[in-house]
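What follows is calculated from the coordinates using simple rules that are stated; it is not laboratory data. None of the values given here were measured: they were computed from a predicted structure. For neighbour counting, all protein chains shown are included, and Cβ atoms are generated from backbone atoms with ideal geometry for every residue, glycine included.
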């Protein structure tokens, strides 16, 4: 018998076995006399327990998402009711509007400034704080502290630090003979100022997550590397980074999404100015919708925000997965 | 009427293959019944169907004369001990023991009494206020047993309860569980893959393989009269020696390649229909040196000798197979040296090549054994 | 090398800690300074005067805002614990046809930024008459996919035998949930609790939208108010306000740091 024939016989035997199983089960089956009500107990319990979540998600996430799409095709009155159907005109208007283009450029730059910086600094701090040294717990607490800082408090503190007359940063730079920077008043520096504030706020959470990732790495890996005589940086490159990649992947995605959603720091530090240089997308949505009552264009922007976040998450997942080392 | 009955019990997960096929058995009240087999043979599935943790695909499960197929686990009047004990880590030993009673709203006084009795019975009285993680493996096992004891259920199911313990403790717990079961008079269904547990604890054993029942019987029946090749090799340590042999129908003998010719009686020959058979002989039936005239005697070269203090296990090749012999006492023999061994032809098992069913097995001298026992007990 | 290495690490640790923590320390220092000291860019206050703290309570109803923030944050925390643990329990213990579909539905909510759904939500809140009410700041946040996944991850570490043992002992599903699962996963509940409290306390955009007067306003909006009223005049007072607002969350973080780190990493990575 050649292989194909063997294969065919095997398949036939399997089919026959399946037939036999079904016949036998039919022969001896005991019909459940319990009611349908009793048999579906699991589903009913599950649905009962899931109900609050599903209900809330539907009302406050799925429904509004669809409604946003709907509104983005309309011109609205000041109460947010859809008034005139305009199709894709809101989008067309946005894409042609210099204001929106500027907002997108600012947002892109802002993300570029914040994401790598936040992750690299947090990684650096986590590596420091992962050493087994006396009093390390104190440093860990300090490094994670900005996670407890609210946007409003952080922004107010940095508003003070950036202040042209009483601000500490310019004062400090002056000590080294560096001329004062017009932090929040210069269009280029304003975006950087907001980025600095955001990075500072991000560090606490990113640090905590990366430190957790570091501590999850099996210490015997380092012990065996020590025995082999590998140095600190060799171990960092060959053990720590590959083992940490899932954590880094996660935190990069989270930071990405958070950066796109920045609002509070803009509202307190610059209010989108000067010259709309810090008019990040969420602030722009806020202004259009709740200051100018342009719910249609605001919704169109919200949809664009959604698509960006959605695509970035998917892209990151696809692109990042190849580089990530999963245990 | 038996306590627990299975009629054509079947379980199939994918509707294409059986996990348990057509199991029929009746388990008596107060019996210690063992389900044994290699991993994946369906023994745990069968136990879980009896417990109600797994749905029954076909067939009937009858407990106390009542069809129990669709009863929820708590209505089947049984207790269960799990492999990892399933203790609640956030509760103390006492709370763990009484957990089920509280759920069933048993009176406080009764709870207290039963807990005290069970703790005393299992030597846990000093540990009642501790958490499970502060206990040793053996103590955790006892807590799990205590939980089964206080439930006062007439049926107890155990799923490999000893496999997480070390060898010494396992031996001790074996005895304790058996004594406990006798004392309480409960019906026990006990799953294990360990044939020593099966042989030493059970009133009766069910041997399973690939979801099919191979044999049901008392430990000695299973050991002395295995119904097929699988049971013969599964029960017994070291396992029964097996070799293929040609059947010489003309001269009424079995020919083991280049080594042995085993003559068969007329009576025996009638049972042998195939041209090739498996012959089997238990290691302890192989003796050292020349046997009597009716015995097979032949030289072998030893490949391994394990001296265990009270017994010695020797390995040697016979044809294509490796055989083992078990001798009482200490035999520090040189390996690779030729040694003469012998076995009685009365002790041979013969299995059909195709069906693997037994066709010849030694006469079981039950009366001899009984005499020995009565002499000993005097 | 054996002596040098710790020295390098301590040096780097101290420098990073100073840089990172400076804004917080300095705002505490400024909160004790008078106007002249702030203007002259002093590093340390001349005396430990609580004058700014007295003043800040007079400028905006900060105590009232604190109370609002506490009520909102605690409610969201409790709500999240209840709603998330219920759904996490289903995903960990109760199989049924279509469970995976619902799981994917939960996953998809992670992809929707809250801001993208903000406009219709605002309109919904208006039509429900929930403006200037605790309801608008709490109820929409009870369901949280992240929290559900975090708890599910911990629930799944509970041996399945415990569920089976409880079935044999006659526990109902709900009894198993609150008598076994919740006590077993206590630590992860604490993690989610801290996380929920922190994020709600720090919420900014939504309370800004749904509160139009002082009655239900939270401290974060209070800070914005304070900064607008007092900007460039009384920095000491503004900083006193900042210190009061960050104190509860920083304390919570310092106490729960270890717990939070462990819990979040497990929920995030595995």
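Semi-axes of region A:169-219's equivalent ellipsoid from the Cα gyration tensor, sqrt of 5 times each eigenvalue, largest first, rounded to whole Å?
Computed over region A:169-219, the values are 35, 14, 7 Å.
Can you work out the base-10 log of I(q)/I(0) for region A:141-184 at q = 0.20, 0.31, 0.33, 0.34 1/Å, using the Debye formula on its C-alpha atoms alone?
Relative scattering, expressed as log10 I(q)/I(0), comes to -0.69, -0.98, -1.05, -1.09.
What is the Cα centroid distance between region B:162-195 and region B:1-67, reported in whole angstrom?
Measuring centre to centre over Cα atoms gives 20 Å.
Pop the C-beta distance of residue A:307 and residue C:43 into the FRET formula with R0 = 51 Å and round what comes out to the nearest 0.05.
Details: r = 48 Å, r/R0 = 0.95.
E(calc), rounded to 0.05, equals 0.60.
Which residue, A:142, A:281, A:196, has the most motion in a Gaussian network model of chain A that connects Cα atoms within less than 10 Å?
A:142
Rounded to whole Å, give me the distance from the Cα center of region C:1-43 to that of region B:235-313.
88
For region C:1-140, what number results from the quotient of the Cα radius of gyration and 2.2 N^0.38 Å? Numbers along the way, then the final one.
Working: Rg = 24.8 Å, N = 140, 2.2 N^0.38 = 14.4 Å.
With N residues counted in region C:1-140, Rg over 2.2 N^0.38 Å equals 1.72.
Can you give the log10 of the normalised intensity I(q)/I(0) at q = 0.14 Å⁻¹, computed with Debye over equal Cα scatterers of region A:200-327?
-0.77
Limiting things to C-alpha atoms, what are the Rg and the maximum Cα-Cα separation (Dmax) for chain C, in angstroms?
So, for chain C, Rg and Dmax equal 23.3, 75 Å respectively.
Stick to Cα atoms and the Kirkwood definition of Rh, then tell me Rg/Rh for region A:236-286. All intermediate terms of the calculation are to be shown ahead of the outcome.
On the way: Rg = 16.5 Å, Rh = 12.9 Å.
We get a ratio of 1.28 for region A:236-286.
If you fit an axis through the alpha-carbon atoms of helix B:93-103 and take the longest principal axis of the Cα set of chain B, what angle between them do you get, 0 to 90°, nearest 10?
70
What nm distance separates the two modelled labels at residue B:179 and residue A:219, each placed 7 Å from Cα along Cα→Cβ?
Each label point lies 7 Å from its Cα, and together they span 4.3 nm.
What is the list of residues in region C:66-101 whose amide nitrogen lies under 13 Å from a point 7 angstrom out from the Cα of residue C:214, following Cα to Cβ?
What the label zone holds, given the 13 Å backbone N cut-off, is C:66.
Going by the alpha-carbon gyration tensor, a ≥ b ≥ c the square roots of its eigenvalues, is region B:307-369 rounded (a/c under 1.5) or, if a/c is not under 1.5, prolate (a/b greater than b/c) versus oblate? List each step's numbers first, then the result.
Details: a/c = 2.71, a/b = 1.43, b/c = 1.89.
It is oblate, given that a/c is not under 1.5 and a/b is not larger than b/c.
With springs connecting C-alpha atoms under 10 Å apart, model chain C as a Gaussian network and identify which of C:206, C:114, C:130 has the largest mean-square fluctuation.
Checking each option, the largest mean-square fluctuation is seen for C:114.
Pairs of Cα atoms under 8 Å, at least six residues apart: use those to get the relative contact order of chain C, whole percent. Can you show the working numbers first?
Values: 252 pairs, mean separation 89.7, N = 270.
That works out to 33 percent.
Measure off 7 Å from each Cα along the Cα-to-Cβ vector at residue B:271 and residue B:28, then give the distance between these two points in nanometres to one decimal.
2.6
Could you work out the mean count of beta carbons from other protein chains within 10 Å of each residue's beta carbon in C:255-262? Intermediate values should be presented prior to the final figure.
On the way: counts 1, 1, 11, 5, 0, 7, 10, 4.
Across C:255-262, the average partner-chain Cβ count within 10 Å equals 5.
Could you tell me the relative contact order of region B:15-152? Use alpha-carbon pairs under 8 Å, at least six residues apart, and round to a whole percent. Numbers along the way, then the final one.
Working: 113 pairs, mean separation 30.1, N = 138.
Taking the mean separation of contacting Cα pairs over the length of region B:15-152, I get 22 percent.
Using r as the Cβ-Cβ distance of residue A:173 and residue C:63, and R0 as 51 Å, what FRET efficiency do you calculate, to the nearest 0.05?
Details: r = 39 Å, r/R0 = 0.76.
It comes out at approximately 0.85.
Pick from B:238, B:89, B:362: which is most flexible by mean-square fluctuation in a GNM of chain B where alpha carbon atoms under 10 Å apart are linked?
The residue with the greatest mean-square fluctuation here is B:89.
Just how far, in whole angstrom, is region A:14-83 from region C:137-192 if you go by their alpha carbon centroids?
22
Between rounded, prolate and oblate, where does chain B land on the alpha carbon gyration tensor, with a ≥ b ≥ c its root eigenvalues, rounded for a/c under 1.5, else prolate if a/b exceeds b/c?
prolate
Please grab the % of Cα pairs in chain A that end up more than 30 Å from each other.
Numbers: 30892 of 53301 pairs.
It works out to 58 percent of all Cα pairs.
At 7 Å along Cα-to-Cβ for each site, give me the label-to-label distance between residue A:235 and residue C:127 in nm.
Distance between label points: 6.1 nm.
Treating the angle as unsigned and between 0 and 90°, give the value, to the nearest 10°, between the Cα long axis of helix B:137-150 and the longest Cα principal axis of chain B.
For B:137-150 against chain B, the angle is about 60 degrees.
Principal axis extents for the protein assembly as shown, Cα atoms only, whole Å, descending order, please.
120, 72, 72
How big is the Kirkwood radius of region C:129-270, worked out from every pair of different alpha carbons and given in Å to one decimal?
Details: mean 1/r = 0.0552 Å⁻¹.
Here the Kirkwood hydrodynamic radius works out to 18.1 Å.
Peptide A:299-312: average number of partner chain Cβ atoms within 10 Å per residue?
On the way: counts 4, 0, 3, 7, 1, 1, 4, 6, 1, 2, 6, 5, 1, 1.
Mean shielding by partner chains, rounded to a whole number: 3.
Once Rh for region B:160-262 is found with the Kirkwood sum over Cα pairs, what is the Stokes-Einstein diffusion coefficient at 10 °C and 1.306 mPa s, in µm²/s? Working shown, then result.
Numbers: Rh = 16.2 Å.
In µm²/s, the coefficient is 98.
Please compute one quarter of the surface area of the Cα convex hull for region B:1-126 and express it in square nanometres.
Working: hull surface 39.5 nm².
Averaged projected hull area, Cα only: 9.9 nm².
Taking chain C as the reference, fit the longest principal axis to its C-alpha atoms, fit the long axis of helix C:4-30 to the helix C-alpha atoms, and give the angle between the two in degrees, 0 to 90, nearest 10.
It is inclined by approximately 70 degrees.
What number, in percent, do you get for the relative contact order of chain B if the mean sequence gap of Cα pairs under 8 Å and at least 6 apart is divided by its residue count?
Numbers: 742 pairs, mean separation 54.0, N = 378.
After rounding, I find 14 percent.
Which FRET efficiency value, to the nearest 0.05, do you get for residue A:42 and residue A:314 by plugging their Cβ-Cβ distance into 1/(1 + (r/R0)^6) with R0 = 56 Å? Could the numbers behind the result be given before it?
Numbers: r = 33 Å, r/R0 = 0.59.
Result of the calculation: an efficiency of 0.95.
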